[in-house]
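Taking it in order: structure first as structure tokens, then the write-up.
The values are calculated or read from the model by the stated rules, or taken from the named source; none is laboratory data. What you are looking at is a predicted structure, and each value in this text was computed from that prediction instead of being measured. Using ideal geometry, Cβ is built from the backbone for each residue, glycine included, and neighbour counts are taken over all protein chains shown. Calculation scope for accessible area: heavy atoms of the full protein, side chains included, ligands and nucleic acids excluded. Shrake-Rupley method; radii C 1.70, N 1.55, O 1.52, S 1.80 Å.
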Amino acid sequence: MRLIEKVWFRGHSAKWLLVPLLLPLTLLFYFISALRRALFTVGLKKSVTLTAPVIVVGNIGIGGNGKTPMVIYLVKLTRQLGFKPGVISRGYGGNAPHYPYLLKEDTSANIAGDEPVLIHQRCQVPVAVGSNRIASAQLLIEQGCNVIISDDGLQHYRLARALELIVVDAKRLFGNGFLLPAGPLREGRWRLNKSDLVIFNGSPNTELWPRKLTTPNAIMQLTAKVVCNIKTGERITLSTFVQNNPQVNAIAGIGDPQRFFDTLSAQQLCLNNTQSFVDHHAFCLDDFSHFNDNIPLLMTEKDAVKCYGFSQAHWWYLPVDTRFSAIEQQKITELLITKLAV
């Protein structure tokens, strides 16, 4: 974890130096973002409404909060409701030959970014990447998609949306509560009440629960049942993997690597050695040179999509799925039916 993230989320002692130094930039960020929102509110900047409804899955802060598993969940749910969904994403970390770029079967994370490739491979759904989300969405509409799911893009106000879902990491919540760069927030906590549904990834600490949260909310849990071999594609149950492997090594290049390591420990896996990388890290074989080849190496699915070209036989990844209670799943289904006018 970078020092600034330790300041934001863990109250590192460097906060006494860094936060005061960064507060002037935070004030500038606040005024610029507030002005931009105001221009859209009064109509001086126009939002574009597409012929297909748009669902935005975003957050008010930076870092991993569980948006991608929620996008995958919505792809499956909208299909069940009779839609033909498509997903748009910024494609962070990718270098496509042109934009908007429509992912193909063999598109790599180097081209389109790790999260879009993960979504495309897992769901077999049309995915388009590019900074111009309107152009990306229009490309998907031309492919026959009749609902667009935006992976992130909450602050992309130029794209009109039928439904907004804000995902919050229940463990880290809002860090120190400051806007960037003194804190991790892109918008203040007031923004939660402007959305249609706030989804907590995990059960929040009630003592830190956002005050005056009037928007409906739901709690999602990420569950894992199988482990997949990156090189061979073999899939075995998680319980069998645990029984056969008394020790594992683990790496994670996500927003909160410790969450992944804690998940493995909760499954009774003994972690021999772990290493964290920054979110969206571009892996190479040298990153793994210090790990013992005789011990299985576990990583997230998001990390695995960047390692196919040089994976080893003892490398595995842990795919996760989003789970809601029956009541909250019904709540989300009814919200989709209402907002998308099924």
Original post:
Is there any pair linking a residue in segment 13-32 that is within 19 Å of GLU187 (Cα to Cα) to one that is not aliphatic (A, V, I, L, M), with Cβ under 6 Å and at least six apart or on different chains, and which?
Top reply: LEU22/PRO181; LEU25/PRO181; THR26/PHE178
Original post:
List pairs: first in segment 288-317 and open to solvent by less than 20 Å² (accessible area, probe 1.4 Å), second charged (D, E, K, R), Cβ under 7 Å, 6+ apart or cross-chain?
Top reply: VAL305/ASP114; SER311/LYS231; TRP315/LYS231
Subject >> Residue in segment 83-102 that is surrounded by the fewest Cβ atoms within 10 Å (Cβ to Cβ), counting only those that are among the aromatic types (Phe, Trp, Tyr) and farther than 16 Å from ASP114 by Cα >> reply: TYR99
**OP:** Mind listing just one residue for me: the one in segment 121-144 that is open to solvent by less than 10 Å² (accessible area, probe 1.4 Å) and part of a loop (DSSP other than H, G, I, E, B) and, of those, nearest to GLU105 (Cα to Cα)?
**Re:** VAL125
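Consider LEU271 carefully, then state whether it is in a helix (DSSP H, G or I), modelled with pLDDT of 90 or more and surrounded by fewer than 22 Cβ atoms within 10 Å (Cβ to Cβ).
Against the criterion (in a helix (DSSP H, G or I), modelled with pLDDT of 90 or more and surrounded by fewer than 22 Cβ atoms within 10 Å (Cβ to Cβ)), LEU271 does not qualify.
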Subject >> Subset of segment 291-342 (residues that are closer than 25 Å to ASP114 by Cα, in a helix (DSSP H, G or I) and not aliphatic (A, V, I, L, M)) >> reply: GLU301, LYS302, ASP303, TYR308, GLY309, PHE310
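Suppose the filter is within 19 Å of the chain's Cα centre (by Cα), over 18 Å from LEU74 (Cα atoms) and open to solvent by less than 20 Å² (accessible area, probe 1.4 Å); does ASP114 pass it?
It is true that ASP114 is within 19 Å of the chain's Cα centre (by Cα), over 18 Å from LEU74 (Cα atoms) and open to solvent by less than 20 Å² (accessible area, probe 1.4 Å).
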Subject >> helices (runs of 4 or more DSSP H) wholly inside segment 1-82 containing at least 2 residues that are at pLDDT 95 or above and open to solvent by 80 Å² or more (accessible area, probe 1.4 Å) >> reply: 15-42, 67-80
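Please go through segment 328-342 and give me each residue that is over 22 Å from the mean Cα position of the chain (by Cα) and either polar (S, T, N, Q) or open to solvent by less than 20 Å² (accessible area, probe 1.4 Å) (or both), ordered by number.
Of everything in segment 328-342, those that are over 22 Å from the mean Cα position of the chain (by Cα) and either polar (S, T, N, Q) or open to solvent by less than 20 Å² (accessible area, probe 1.4 Å) (or both) turn out to be GLN330, THR338, LEU340.
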Original post:
Restricting attention to segment 87-100, does a residue exist that is in a helix (DSSP H, G or I) and touching a helix residue (DSSP H, G or I) at 6+ places or on another chain (Cβ under 8 Å)?
Top reply: no
Subject >> Check on GLY153, assigned to a strand (DSSP E or B) and either without any contact (Cβ under 8 Å) to a residue 40 or more places away in the chain or not aliphatic (A, V, I, L, M) (or both) >> reply: no
